[in-house]
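The values are calculated or read from the model by the stated rules, or taken from the named source; none is laboratory data. Please read these numbers as outputs of a predicted model, since none were measured by experiment. Neighbour counts are summed over all protein chains in view; Cβ atoms, including those assigned to glycine, are modelled from backbone coordinates with ideal geometry. Just the protein is used for accessible areas: all its heavy atoms, side chains included, with ligands, DNA and RNA removed. Shrake-Rupley method; radii C 1.70, N 1.55, O 1.52, S 1.80 Å.
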Amino acid sequence: MPIAIITQSIISAISIPTEADNINIHLQNGDVVSITKSEWKKGKKESDENKIVYYRNKEKHEILKSDIDHVRYESLDTYDKTADFMEEYAKIEEIDEDVLKYYNTKRHKKSRTSQTFAVGAGTIGLLVNPWFLAVTPLPWSQAVGTMKDVDYQYCVKGKEWKELKKERKLYVKALKEKAKMEKDNRNS
């Protein structure tokens, strides 16, 4: 059972990026350049006050600051990690309320799951096997850390959460299809 708690903690810390996690840079000419966090990180050191550098398929790309109209985020996680840097280059568009609702509710649910595992491990440790007390801090620290990031005014419940989750899934699927079509067009 301690292995299950450790496994849950590791799994909840892992997040698989989707197209919604990209940084969308809207250019003056109307084009949109969608950059993943990893592409952005690879070129971040080479970026300066006049250009953003990113690497895609080991190929270096540059976007001049003067060509950027605005930056838009579809993920609160990406916004939290990159918005401070991107503010130097362009106006950051406000995040949609649905995005805020989705990510804050998701964070809240994740923290509650970690909290449940921590309480379970502590209870089992006190009543059955003291070895469980050794793994209790891992899910507990995750729960506390995640709860700090939740803006509770955007949390939703019940039918509203199910509907929001369904809409988000369809939206991410549409973004993925759009990215695939753009990739196919570039390769042709």
query: What order, most packed first, do the peptides 102-110, 81-89 have when packing is the mean number of other Cβ atoms within 10 Å of each residue?
result: 102-110, 81-89
- prompt: Mean projection of the alpha-carbon convex hull of region 58-160 over all orientations, in nm²?
  reply: 10.5
statement: For SER38 the rounded accessible area (nearest 10 Å², probe 1.4 Å, non-protein molecules ignored) is 70
message: Here is the link list: LYS44/LYS109; LYS37/LYS183; LYS65/LYS166; LYS42/LYS176; LYS42/LYS148; LYS91/LYS178. Which ones come out longer than 26 Å on Cα distance?
response: LYS44/LYS109; LYS65/LYS166; LYS42/LYS148
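Could you look at the chain and say what percent of its accessible area is carbon and sulfur, using a 1.4 Å probe and all protein chains?
Working: 6670 of 12250 Å².
Whole-percent figure for carbon plus sulfur exposure: 55.
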message: In the chain, if the dipole is taken from +1 on Lys/Arg beta carbons and -1 on Asp/Glu beta carbons about the Cα centre, which of LEU127, MET86, SER111 is farthest to the positive end?
response: LEU127
- request: Could you grab the Rg to Rh ratio for the chain? Cα atoms only, Kirkwood for Rh.
  value: 1.07
task: Using only the Cα atoms of region 109-163, construct the convex hull and provide its projected area averaged over every direction, in square nanometres to one decimal.
output: 4.4
statement: Residue-normalised 222 nm signal for the chain, counting each DSSP H run of n ≥ 4 as -39,500 (n - 2.57), nearest 500 deg cm²/dmol, is -19000 deg cm²/dmol
